[in-house]
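To start, the structure under review is shown below, and the notes come after it.
Just so it is clear, none of the values below were taken in a lab; they were calculated from the coordinates. Values in this document were obtained by computation on a predicted structure and should not be read as measured data. All Cβ positions, even for glycine, are placed from backbone atoms using ideal geometry, and neighbour counts span all protein chains on display.
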Amino acid sequence: MTRNDLVIRVAGEAGEGILSTGQLLTQAALRGGFHVLTYSQPPSEIKGGHAFYQIRLNTYRSYSKGDDVDILLAFNQEAYDRNAAETKDDGLLVYDPSEVTPSADSHFVQVEFPLNDIAKNQLKFPIAKNVVAVGALAELFGLPTKHLDSLIEERWLRKGESVVQKNLDALRAGIDYVIENVPQRDRFALYPDKPHSGEILMSGSEAIGLGAIAAGCSFMSGYPITPASDIKEFLEIHLPKTGGHALQAEDELAAIGMVLGASFAGAKSMTATSGPGFSLMIEMLGLAAMAELPCVIVDAQRAGPSTGMPTRHEQGDLYQAAFAGHGECPRIVLAPTSVRDCFYQTVNAFNLAEKYQTPVILLGDTLLNVRSESVPRPDLHEVKVVDRLLFSENGNGVSGVNGEYQRYVLTDNGVSPMSIPGQEGGQYIATGLEHNEEGLHRYDEATHSIMTQKRFRKLERASLEAPEADRFGDPDAEIGLLTWGSTVGSVIEAIREGEREGLKLDMLAPRMLMPLPEHELRPFIESKRVIIIPEVNYVGQFANMVTSQYPRDYVRINLYGGMPFRVDRLLEQIREEVAQHV
Amino acid sequence: MSSVVTVEKRKVADYKGDERPTWCPGCGDFGVLNAVFNALSSHNFDPQNVIIVSGIGCSSRLPFFTDAYGFHTVHGRAMPVAAGIRAVQPDMPVLAMGGDGDAFAIGVGHLIHAIRRNLNICYVVMDNAVYGLTKGQTSPTAERGLATKATPQGASDPAVNPLLLALATGCTFVARGFSSKPKDLADLIARGVAHEGFAFIDTYSPCPTFNTVNTFKYYRDATDDLPADYDPTDFNAALRYAASEDPLYLGLYYQAEQPTFEDHIRSTKPAATSNAMTVVEGLFDQMS
């Protein structure tokens, strides 16, 4: 049987080149036409500590990180000890005998690979250890050498021909070692029968940054936090190319404050943070909703309350995104379901924020933001960019009585034209106080009622324009899986596995979670005999939101250990539930 | 035919908004508002080209009483909002107005960083040592022991010295004004607006309702102008005079030239910028 799925994990001490080994291999595999999806676990401690980088290679598109490891490259004993259990029975351990003493009764094939010795004594080029490893791993799954040769040239040409040659020699040494020393290595070979062409490799954080630029974002402010800092760093480099700016604020309160100032001044603006930072932003989330200022807030969720587990995965911020804030504070929440979707939902987030002059929260998470995926290159001609409705004296005619501009003039869809400082006749005061159509603070019963309706009317309209939900599976299946965000990846693969054994399943994952789009949820919920809601949190935040809006019995599957769903266990749980509901 | 363009000089009335101030009769903030009008008219700014940012408190209502663009933010957060505005509109004059609670209690963290950034705005703190909107609790500028109706035991902590705070943080324009000296105050605000960098003007603006100690008379007796030969480029002199408790000096303590936040913003922009989609296509190319 030809293999079409391979999981490689490179594990060792952080800073030992785990990341560079993994990234080089990933990039080369992309060029070889493989679908790639990475998963990494940075160390929890500051210096050193155990880390790994995992690459899943497929001849078809995959959606999850892969449950177990086929090939484990262990740089040291701790890497071996921690990862051996996740290596498959028919897997392969490649280890450096100078660092690792493997257990004698291991369930998988173990092959010595004297990495340090090859680099130091054979090549006289100790830092090439990682390139030796890349050569060996590439040879194991049969990646044509040309992809690595060209990458090595691109990467080291700046340092001169001799450095390029030394690295090419290192690559060759790795390849040769495998050819001479690994028995039955053909069993790991992958043959992409239909290699993809033109796919690109990006992380979720990069996809969000790219989506922001494409949507016309010109201002970003953030405060360092795992796992969202990458977005800020990406935009600090690339936003100025369009004339925009990304800044580091003194804290998250300031970050969102700057974003609202920038939005008031006319810029499409965003911030990116994780749960703890989002907690600090909630005060001004209310101001954005009240003053009707467009803005996008990315919450790349991590695990646990308080500081929790900064490098681990959880879908625990849905309540916070959907409900946080005092008073009745309307906002839109979007949740992308894959790396590629991060690009599109970021564009949608800006479009909705600008069109409806309201904060939009984009819920990423550790899994989605950190991993890299090969994705079809987005066609920018298909990307529609929406700008805010602007006040113009003779233009859109939505100005107030006596021809005077009214910033919060009541309209059918609740959207009032905005003015930009400098616009003649457009002066108004943006305020968090309740205000009348002119923007002047008023506390009377009629004003608060009418303005509350206005603000929520925008949300009702927005829900009709929700980005289409993610669907997968058999639309006629009686068993429905209702889920959200990055859990979609595991669910899709569970459905695909289930299909092979005759299990008929259908998935709906709304991309808009607040408000929940009625036209997508109701038909799905009403057409399924059993609905299962898997999500990575303890209380079933999404399940509770769905239940309160569409009361009926739902089966919940919750996971809350800081890791995403394994496909095999998820399928097993689905099978059990299905069996109980025959 | 002559082609002389006459620019009409704007008057105070041109900056007044439709809303009448909500302050108590006798409030110091009236004088500050007037000084703001006079400062703006001295620059002959078009009201549509001025932005006034404020926090929360009696004094922070000020933008509502003007005809400028305004952003009445939340308590303590006027500084970051002003920074966001300046990042996008680095050429539009921005005034920040607020009270001492806003500036030195809930917002002091942001104040320090706005000063460090040398954000090119003029921040006028209307300082009355109490929280008026919540009925008279003492603020960080209240002297230890100052008792009010809402703080009957008296302020428990020593007062912040706003000028020393600003000087120690690297502020490039540090001044103290007094609401009952409207001409001097208008002049300070006008100079603060013209200053390239963060202009900080702590302004005594007595609260006749909740602070019966720090009254107009109190400040008239306690204050004195900085000496005529005072040199505002002398940092050490600024520290000495700022530390003085008797008298409390009024005027411009310190002014210096330093790179501004806006300089940084302009410097990060490449000479030629590209269309967003071109940038994204270029990045896609690098990702293959």
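Below are the figures for this structure:
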| item | result |
| --- | --- |
| Ascending count of other beta-carbon atoms within 10 Å, so fewest first, for A:Val69, A:Val578 | A:Val578, A:Val69 |
| Residue order, fewest to most beta carbons within 10 Å, for A:Val415, A:Val385, B:Val130 | A:Val385, A:Val415, B:Val130 |
| Number of partner chain Cβ atoms within 10 Å, mean per residue of A:429-441 | 5 |
| For chain A: relative contact order, % (alpha-carbon pairs under 8 angstrom, 6 or more apart) | 11 percent |
| Within the protein assembly as shown, helix-based [θ] at 222 nm, where runs of 4 or more DSSP H residues each add -39,500 (n - 2.57), nearest 500 | -11000 deg cm²/dmol |
| For segment B:210-253, convex hull volume per residue from C-alpha positions, Å³ | 80 Å³ |
| Column: log10 I(q)/I(0), Debye, Cα scatterers of segment A:452-575, q = 0.13 Å⁻¹ | -0.51 |
| DSSP bridge orientation in the protein assembly as shown - percent antiparallel, rounded to nearest 5 | 30 percent |
| Taking B:Met79, A:Met545, A:Met514, B:Met277 and counting other C-beta atoms within 10 Å, the order from fewest to most | B:Met277, A:Met545, A:Met514, B:Met79 |
| Per residue convex hull volume, Cα atoms of segment A:401-464, in Å³ | 96 Å³ |
| Euclidean distance between Cα centres, segment A:293-320 to segment A:220-283, Å | 15 Å |
| For segment A:401-464: relative contact order, % (alpha-carbon pairs under 8 angstrom, 6 or more apart) | 32 percent |
| Rg [Å, one decimal], Dmax [Å, integer] - segment B:167-288, C-alpha atoms | 22.2, 74 |
| For segment A:1-70, convex hull volume per residue from C-alpha positions, Å³ | 85 Å³ |
| C-alpha center-to-center spacing [segment B:72-151, segment A:51-98] in angstrom | 55 Å |
| Orientation-averaged projected area, Cα convex hull of segment A:201-382 (nm²) | 9.2 nm² |
| Radius ratio Rg over Rh of segment A:5-197, counting only Cα atoms, Kirkwood formula for Rh | 0.94 |
| Pairwise Cα inverse-distance average, inverted: Kirkwood Rh of segment A:174-280 (Å) | 16.4 Å |
| Fraction of beta bridges assigned by DSSP in segment A:470-580 that are antiparallel (%, nearest 5) | 25 percent |
| 10 Å binning of all Cα-Cα separations within chain B, expressed as whole percents from 0 upward | 7, 28, 34, 19, 7, 4, 2, 0 |
| Cα-based Rg and Dmax for segment B:110-200, where Dmax is the largest Cα-Cα distance (Å) | 14.9, 43 |
| Packing-based ranking, highest mean first, of A:84-96, A:472-484, B:91-103 given that Cβ atoms within 10 Å are counted | B:91-103, A:472-484, A:84-96 |
| Dipole of chain B [Lys/Arg +1, Asp/Glu -1 at C-beta], most positive-end residue of B:Leu239, B:Ala190, B:Pro63 | B:Pro63 |
| Diffusion coefficient, µm² s⁻¹, Stokes-Einstein with Kirkwood Rh over alpha-carbon pairs of the protein assembly as shown at 25 °C and 0.890 mPa s | 82 µm²/s |
| Degrees separating the helix A:567-580 axis from the principal Cα axis of chain A, which is the longest one | 60 degrees |
| Loop sites in segment A:309-367: chymotrypsin sites (Phe, Trp or Tyr not before Pro), DSSP, at most 12 other Cβ within 10 Å | none |
| Euclidean distance of C-alpha centroids, segment A:412-458 and segment B:52-68, integer Å | 17 Å |
| Angle in degrees between helix A:18-31 and the longest Cα principal axis of chain A, rounded to the nearest 10 | 80 degrees |
| Antiparallel DSSP beta bridges within chain B, percent to nearest 5 | 20 percent |
